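Take a look at the structure set out below.
Every number here is computed from the coordinates shown, using simple stated rules; none is lab data. Note that the coordinates shown come from a computational prediction; the quantities given were computed from them, not determined experimentally. All Cβ positions, glycine included, derive from the backbone under ideal geometry; neighbour counts span all protein chains shown.
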Amino acid sequence: MNLQSLVRPENAVMKRDRVGTVLSVGLVLIVCLAAPRPTQAIDQVIRRSSTTPTRGKITAISKTGLTVKPQVGADVTVPANDIVDVRWDGEPAKLITARGADRAARFKRALEGYADVMTDPKSNSANIKLDLQFLIARATAGQALAGAGKLADAKAKLEAFLQMGGANFRYFPAVGLLGRVELALGNHDQAKTQFTTLSAAPWLDYKMAGQSAQAKVLLVQDSVDEALAAFQKVITQGGNSTDAAVKGQKFAAVLGKSTCLLRKQGQASYEAALKDLAGVLNEASDTNTGVLAEAYLRQGDCLRLLGRQKEAVLAYLHVDLLFATEATVHAESLFHLGTLWSAVGHPERASSARERLRSDYPQSPWTKKLAK
């Protein structure tokens, strides 16, 4: 027997072993690659300044913002005044639907949705629970301010959130809302306290919002000249800023100034207000529905007081047809349409407007004025 015949079987065995080893390693790799790997939690921060959410794990929360750790790259700090909403990792899908109803001012549906979400096991995380508490308080306040809910309930829910969320990114929005509720309740000093806190926020748009809100307190207290000066100060503070949020607050202050001019009465005041309002309507973004709705409302007020009834109807109709989701302003426009339609020869439309005011906004002060 030669040497080759003795070596060949051994070589064959070794080759088979190597092939087997390679196949085994390959199978292990395939299994490892196919097996689900742990993934990083993905929260999504919806921002005013971007059409793309900031995605990653929220690692820090404060009253001034959030810190997000993306899957790739450095941590991202999102200031609170740039946050529209947060979609939390693992949150129930129906929370998205409830938020959508809230944004569309369908507060009853939103509150029903939030209540349903509260009972979902996926809502057990501390972050989701606290955010839900704010969302429920916000929708309750929106409903109450629109005249379809109780202001006392809104106040209680906002105060309860602020006790828990003093270090939360929802803090300043909750403070501003509580101030509006206090003002609607006639609690002027308490409202002023909240608005003063809001004006101490570290961002110009929030500062301007707080200062305009304080001017509204002065206006409610019949200090028209002081309120007018305060609104003008906010307008000046906004300057020529191109920041969308600052521009929005500047426009809101112009609306406050126009309301002051309406209170001062007289043709010159009404015409000055109309000029200011035309500027807002020409410059405000289509997305700034709150500003546009109130601008058309005040335009209608000016035209009505100048005796230009048909033009006033058209202005109020803009609110009714285009901005019905701005509930507080919509209720006021329906009240005026309830009288002006008759004045221009359409009593049936006047009756319809009054009926819609009663049914849609039963608790609104404008509904209560119908009985007077």
Listed pairs Lys216/Lys250; Lys264/Lys310; Lys57/Lys207; Lys150/Lys368 exceeding 18 Å between Cα atoms: Lys264/Lys310; Lys57/Lys207
Size of charge dipole - segment 261-372 - debye, nearest 20, with Cβ of Lys, Arg +1 and Asp, Glu -1, no other charges: 560
Residue exposure sequence - Met164, Met118, Met208 - by fewest surrounding Cβ within 10 Å: Met164, Met118, Met208
Within segment 43-83: Cβ-based charge dipole about Cα centre, in debye rounded to nearest 20 (Lys, Arg +1; Asp, Glu -1): 40
Burial ranking of peptide ranges 295-301, 326-332, 119-125, 130-136 (average Cβ count within 10 Å, highest at the top): 295-301, 326-332, 130-136, 119-125
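Multiplying the sequence separation of Ala268 and Lys368 by 0.36 nm and subtracting their Cα-Cα distance, what value in nm do you get? Numbers along the way, then the final one.
Working: separation 100, 0.36 × 100 = 36.00 nm, distance 3.12 nm.
Going from the current span to full extension adds 32.9 nm.
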Extension gain (nm, one decimal) between Leu185 and Asn124, 0.36 nm per residue minus Cα-Cα: 18.6 nm
Point-to-point label distance, Ser352-Ala104, nm (Cα→Cβ direction, 7 Å offset): 2.2
Folded to 0 to 90 degrees: helix 3-34 orientation relative to the chain principal axis, Cα: 10
Positive-end residue of Ser241, Gln299, Trp203, charge dipole of segment 194-302 with Cβ unit charges: Trp203
Residue order, fewest to most beta carbons within 10 Å, for Lys264, Lys275: Lys275, Lys264
Thr51-Leu314 FRET efficiency (beta carbon distance; Förster radius 41 Å; 0.05 resolution): 0.75
Alpha-carbon centroids, segment 129-190 and segment 255-300: separation in whole Å: 27
Anisotropy class of the chain from Cα gyration tensor, a/c 1.5 cut: prolate
Estimated dipole of the chain in Debye, rounded to 20 [Cβ of Lys and Arg +1, of Asp and Glu -1, Cα centre]: 460
Helix-only mean residue ellipticity at 222 nm for the chain, each DSSP H run of n ≥ 4 adding -39500 (n - 2.57), per residue, nearest 500: -22500 deg cm²/dmol
Hull shadow area, averaged, segment 43-83 [alpha-carbon convex hull, nm²]: 2.6
